[in-house]
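What follows is a short report on a single structure.
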Amino acid sequence: MYAVVGCSECSHLWLIEGRSETTQCPRCGSRKAYEKRKKFVETDDADEAREVRASMLANRQGEGETFAELDSFAALEDDVADGVVDDEEYLDESGLDVDEVADAGERDPRGPNRSGSKKEIVEAALADLDRPTEDEIVEYASERGVSAAYVRNALEKLTRRGAVSESRGRYRRL
């Protein structure tokens, strides 16, 4: 069961699937019992509920006639599914060489060699290396596309926070 409901606080319209005891407006957060919500339509068809909500929103904007000229959601979804262009076709039609783009992606230092965010890579260096120096951590991270400046800054922050300790130029996680 689907229902198009409205919020008496902010006038937001949304869809509810099923029947819960209470509902919360996704816009303003007001919570009310399901039975106390204004229900504009209740139906077993999700597409019908979406159509009603979209029509109501279009009417609020003064675009009801324009909306009436459009196809249904189901027809629009079918049109989109049939008309999807894959990446290679899009690049080719844009005048780009697909192979060159693929090669450039493989050369990207953030590409396949990089596993995780820059911060995660610095933390992995601290975990994988045995009491590493700053230079060893920089080397580890640079092989994975992280700049030396970022590594030094991250080490400083981790040390200040107490997540790592530095003694005689060697780092370890705490």
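The values are calculated or read from the model by the stated rules, or taken from the named source; none is laboratory data. Just so you know, these numbers come straight off a predicted model, no measurement behind them. Heads up, the Cβs are rebuilt from the backbone with ideal geometry, glycines too, and the neighbour counts pull from every protein chain shown. The area values use the complete protein model at the heavy-atom level, side chains included, leaving out ligands, DNA and RNA. Shrake-Rupley method; radii C 1.70, N 1.55, O 1.52, S 1.80 Å.
Listed values, structure above:
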read-out	value
Ranked by how many other beta carbons lie within 10 Å on average, peptides 6-18, 63-75 from highest	6-18, 63-75
Partners for LYS32 among aspartates and glutamates (Cα-Cα distance below 12 Å; same-chain residues under 8 apart left out)	GLU9, GLU21
Carbon and sulfur %, accessible surface of the chain computed with the full protein complex present, 1.4 Å	44 percent
Segment GLU166-GLU17, length gained on full extension (0.36 nm per residue, minus Cα span)	48.1 nm
In nm, spacing of pseudo-spin labels at GLU136 and GLU93 (7 Å Cα→C-beta vector)	5.4 nm
Potential lengthening between ARG60 and PHE73 on full extension [0.36 nm per residue; Cα-Cα distance subtracted]	2.8 nm
Ellipsoid semi-axes in whole angstrom, largest first, where each is sqrt(5λ) of the Cα gyration tensor of the chain	53, 29, 13
Per residue accessible area in Å² of the chain, where ligands, DNA and RNA are left out and the probe is 1.4 Å	69 Å²
